[in-house]
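For reference, the structure discussed in these notes is given below.
The values are calculated or read from the model by the stated rules, or taken from the named source; none is laboratory data. These numbers were taken from a predicted model, which means no experiment stands behind them. Note that we place each Cβ from the backbone using ideal geometry, even for glycine, and neighbour counts take in every protein chain shown.
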Amino acid sequence: MILGNYRPVTFPTVRALMNAALSTCVLVAGCGGAPPPNSSTAQATQGSRLKVAVTFSTLGAIVQDVGGDLIDVTSLVPVGAAPETYEPTPADLVALSHADVVFENGSGLEVWLDKLLRSAGGDKQPVTLSGYSDLSHAQNPHFWLDPRKASEYAAKIAHALEQADPRHAAEYRLRLKQTQTRYGALDRWIAREIATIPPDRRVMICFHDAWYYFDERYGIRDIGAIEPSPGQEPSAGAFAQLIASAKANHVRAVFAEPQFSPKLAKQLADGAGIVTVTDLYDDTLGATPDLSTYEGLMRYDVARIVGALNS
């Protein structure tokens, strides 16, 4: 896989959302009150929870692990939608205006967020968990699919929550330690599961370029993605080459996500004579309880990957 293949799509400005957001605010308690505290100095008042906005639900699950019942988390991108191709709504402006802390992944994943923050007003700056605010250094944004990198996210999250809510700093630190312990156990479990796949079968083709860091961590060869960039269908020549590569490398399955159309994945699978797995989760949680946490999502995905590659 070539990291440089990942290029985010761009969207129109969100300036037009402001008028619609004003109407939405009428229905939201407190929208006409005093402005929210700055994200760097905000502190939960006695008996209240810190208001946290995250860009998408998988990120929100990691934030929830660290914050627990001390925070209220709102995901701008709803469950079942993709952050790469998301178009903001007036409700997102409201959520940002009330947030004490805003978390983004960064690395070019949420190209719409800067304009949305400017439209929301104030001087909030998002906490960038990937370490990169754009694509100038890291050209694949899906770091969290390696649990070790998710642990690094958790440490940044805990620090930001402590800064915003110092009264509960000790509790955030404790939850961070517990979270990183669980993520470490998850990492070891995944390694054991992947080890059950014969080495010559540890090959993946995916719908979009999400699994680079996972594959790098666990010794899986990722030989390509159907969409070289989000929302960009491959040319006929590139698609034919991917089918040929699947055959040459004895790929056993093509993996896609439920938030994207399965049409191209099924065409590739039919052309290469392999199976299609259309329900991996990465940019979004699932709608069922077992897919509502980061660990649940990862365990589900690993079971699907191992089952397909061992079939």
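Observations on the structure shown:
- L76 being in the same structural domain as D165 (by TED's automatic domain parsing), at pLDDT 95 or above, hydrophobic (A, V, I, L, M, F, W, C) and farther than 25 Å from K177 by Cα: yes
- When R167, R182 are checked against the criterion of being outside the structural domain of E295 (by TED's automatic domain parsing), surrounded by fewer than 19 Cβ atoms within 10 Å (Cβ to Cβ), touching a residue at least 40 places away in the same chain (Cβ under 8 Å) and under 20 Å from the mean Cα position of the chain (by Cα), a single residue qualifies: R182.
- Residues that are in contact with a Gly (Cβ under 8 Å, 6 or more places away or on another chain) and under 15 Å from D69 (Cα atoms) were ranked within the stretch 140-164; the one that is surrounded by the fewest Cβ atoms within 10 Å (Cβ to Cβ) is I157.
- Residue within the stretch 286-301 that is among the hydrophobic types (A, V, I, L, M, F, W, C), closer than 17 Å to P78 by Cα and in a loop (DSSP other than H, G, I, E, B) present: yes
- Residue match in the stretch 226-241 (condition: of a type in the set (D, E, K, R), in a helix (DSSP H, G or I) and surrounded by fewer than 15 Cβ atoms within 10 Å (Cβ to Cβ)): no
- The conditions of being assigned by TED's automatic domain parsing to the domain that holds R182, crowded, with 24+ Cβ neighbours inside 10 Å and touching a His at 6+ places or on another chain (Cβ under 9 Å) are not met by L129.
- The one condition in (1) farther than 26 Å from S261 by Cα; (2) within 19 Å of the chain's Cα centre (by Cα); (3) at pLDDT 95 or above that Y132 fails to fulfil: (3)
- Residue check, G30 surrounded by fewer than 22 Cβ atoms within 10 Å (Cβ to Cβ) and modelled with pLDDT under 95: yes
- Scan of the stretch 246-263 for residues that are surrounded by fewer than 16 Cβ atoms within 10 Å (Cβ to Cβ), part of a helix (DSSP H, G or I) and under 28 Å from the mean Cα position of the chain (by Cα), ordered by number: K263
- Considering only residues in the stretch 86-104 that are of a type in the set (S, T, Y) and assigned to a loop (DSSP other than H, G, I, E, B), the one that is farthest from F143 (Cα to Cα) turns out to be T89.
- Tabulated pairs, the stretch 299-311, first surrounded by fewer than 14 Cβ atoms within 10 Å (Cβ to Cβ), second among the small types (G, A, S) and not in a helix (DSSP H, G or I), C-beta under 8 angstrom, 6+ apart or interchain: S311/A253
- The set of residues from the stretch 84-96 being under 23 Å from G122 (Cα atoms) and out of contact with any Cys (no Cβ under 7 Å at 6 or more places or on another chain) comprises Y86, E87, P88, T89, P90, A91, D92, L93, A95, L96.
- Which listed residue is among the aliphatic types (A, V, I, L, M), closer than 15 Å to A53 by Cα and in contact (Cβ under 8 Å) with a residue 40 or more places away in the chain, from A154, A99: A99
- From L174, L186, residue being more than 23 Å from N105 (Cβ to Cβ) and modelled with pLDDT of 95 or more: L174
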